[in-house]
């Protein structure tokens with residue numbers, strides 16, 4: 001059984017909720033995420049991330065605030081392989097999302 005660890009980040013983005021949701025979906029696609037699922041009622045997005053050295057997922061919750069949209073992104077990744085000793089799989093998953101969020 002795989003050992004999994006999680007990491008969570010919150011950040012705020014200027015814009016409307018639907019606009020930011022579309023940007024998130026685009027960022028997931030550009031970042032190489034698969035099996036993207038959305039729950040419009042709860043404003044949640046989840047996706048799987050599988051690369052040669054990293055296996056995990058991301059869950060994003062969007063909530064409207066006064067000055068934009070707050071994103072709560074939580075990554076969960078397998079951390080029981082030799083590659084996890086050199087760099088955090090959760091950081092790689094988060095970077096694949098955040099670097100493509102434009």
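Data table
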| item | result |
| --- | --- |
| Within region 63-78, tally of residues that are surrounded by fewer than 21 Cβ atoms within 10 Å (Cβ to Cβ) and touching a helix residue (DSSP H, G or I) at 6+ places or on another chain (Cβ under 6 Å) | 1 |
| Within region 15-54, tally of residues that are assigned to a helix (DSSP H, G or I) and touching a helix residue (DSSP H, G or I) at 6+ places or on another chain (Cβ under 7 Å) | 2 |
| Residue in region 35-51 that is under 15 Å from residue 91 (Cα atoms) and out of contact with any strand residue (DSSP E or B) (no Cβ under 9 Å at 6 or more places or on another chain) present | yes |
| In region 30-50, residue farthest from residue 101 (Cα to Cα) [restricted to those that are surrounded by 12 or more Cβ atoms within 10 Å (Cβ to Cβ) and without any contact (Cβ under 8 Å) to a residue 24 or more places away in the chain] | 50 |
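Bear in mind that the values in this text are calculations on the coordinates, not laboratory data. Predicted model only: the values in this text are computed from it and were never measured. Every residue, glycine as well, gets a Cβ built from its backbone with ideal geometry; the counts of neighbours run over all protein chains shown.
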